[in-house]
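Enquirer: Next up is a structure, given as structure tokens.
Each value in this text was obtained by applying a stated rule to the coordinates, not by laboratory testing. What you are looking at is a predicted structure, and each value in this text was computed from that prediction instead of being measured. Because the Cβ atoms are built from the backbone with ideal geometry, glycine has one as well, and the counts that use them run over all protein chains shown.
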Amino acid sequence: MKFTTALVTGLLSASTVVAAPGTAMRRKRADAAIAASRAGVLKAPKPFIAATNITAAVHGPENKHVSYSTNWAGGVLEGTGFKTVTGTFTIPKVTVPSGGSSRTLYSASAWVGIDGYSCSSAILQTGVDFSIQNGAVTYDAWYEWYPDYAYDFTGISFSAGDSVTTTVTVSSKSGGVATIKNNSKGTSVTHTFTGQTGALCQTDAEWIVEDFTQISSSGQESLVPLVNFGTVTFTGASATTSSGTKIGPASADVIDLIAANGKTVLTDVTVGSSTVSVVYG
């Protein structure tokens, strides 16, 4: 789960790639905000998101175990002793959604993580934000151990089409490592966590595209307007347990993003033996 402040002035135009709007403006998440955001993941069935009320069909064999969320789309494996989660995806070429305004900031984030789904005491995650406003496309790599907030990586940059591998590894209930590697540019960054507040349960392994939460200048919370990210597919997706067992996402719970109206599905997620694919729209 990421939390950032909203950008209030214009970015550069003409498709310029600049520092992401979240950089240097992140605020610590309030526990209440996180609890509300966590509650956005809703196990189906729920009366207000019953299949008969959903106006955009969810496709594929994953329908039998799909869940709906106001902020997550992707796959979540539930189990025990998860130690490492990894996945590789291509940095998407993002665009303004149909009918949107170029002046609005649109964003999303792709990440891998451990916990934060059935386990709420902590989450270890790392990923990349992608945003567009006034024609300016921005990318931002970050790492986080909830209940602390997200921090930006430095020394790494991205362009649309780059192959990126994201990995988190647990070393203890309060420690671990987050790594992002730009395979196309041959660069990587790593952060090591030690003595963190909030203990991992190691029961959730995740490959997620998130419509993350922002805080306005007046302190109001809301989901950032979702950018059109096309398709984000995690390949080589796997989770390894403390015993060394390697598991693919084929049996993962599938989560689709659903609009605040509880009726319109915004993504189409499919999982395979080593893939999690999230399609916008």
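Enquirer: Evaluate the following for residue 252: is it out of contact with any Ser or Thr (no Cβ under 9 Å at 6 or more places or on another chain) and of a type in the set (A, V, I, L, M)? Show your work before the answer.
Expert: Values: out of contact with any Ser or Thr (no Cβ under 9 Å at 6 or more places or on another chain): yes; of a type in the set (A, V, I, L, M): yes.
The answer is yes for residue 252.
Enquirer: Then there's this: Give me the strands (runs of 3 or more DSSP E) completely within segment 128-203, filtered to those with at least 2 residues that are among the small types (Gly, Ala, Ser), ordered by residue number.
Expert: Values: elements: 136-146, 163-172, 175-182, 187-193.
Hits in segment 128-203: 136-146, 163-172, 175-182.
Enquirer: Follow-up. Looking at segment 190-197, is at least one residue of a type in the set (Gly, Ala, Ser) and in contact (Cβ under 8 Å) with a residue 40 or more places away in the chain?
Expert: The answer is no, given that none of the residues of segment 190-197 is of a type in the set (Gly, Ala, Ser) and in contact (Cβ under 8 Å) with a residue 40 or more places away in the chain.
Enquirer: Here is a list: 277, 238. Which entry is in a strand (DSSP E or B), under 17 Å from residue 67 (Cα atoms) and not hydrophobic (A, V, I, L, M, F, W, C)?
Expert: Values: 238 fails: under 17 Å from residue 67 (Cα atoms).
Residue meeting the stated conditions: 277.
Enquirer: Something else now. Answer with yes or no whether residue 231 is surrounded by fewer than 19 Cβ atoms within 10 Å (Cβ to Cβ) and under 14 Å from the mean Cα position of the chain (by Cα). Give the derivation first.
Expert: Values: surrounded by fewer than 19 Cβ atoms within 10 Å (Cβ to Cβ): yes; under 14 Å from the mean Cα position of the chain (by Cα): yes.
For residue 231, the condition - surrounded by fewer than 19 Cβ atoms within 10 Å (Cβ to Cβ) and under 14 Å from the mean Cα position of the chain (by Cα) - is met.
Enquirer: Just to be sure I understand, how many residues within segment 98-119 are under 15 Å from residue 77 (Cα atoms) and not in a strand (DSSP E or B)? Quick ask: steps written out before the conclusion?
Expert: Within segment 98-119, the first condition is being under 15 Å from residue 77 (Cα atoms), and the residues that meet it are 111-119.
Cutting the leftovers down to not in a strand (DSSP E or B) gives us 115-119.
Qualifying residue count, segment 98-119: 5.
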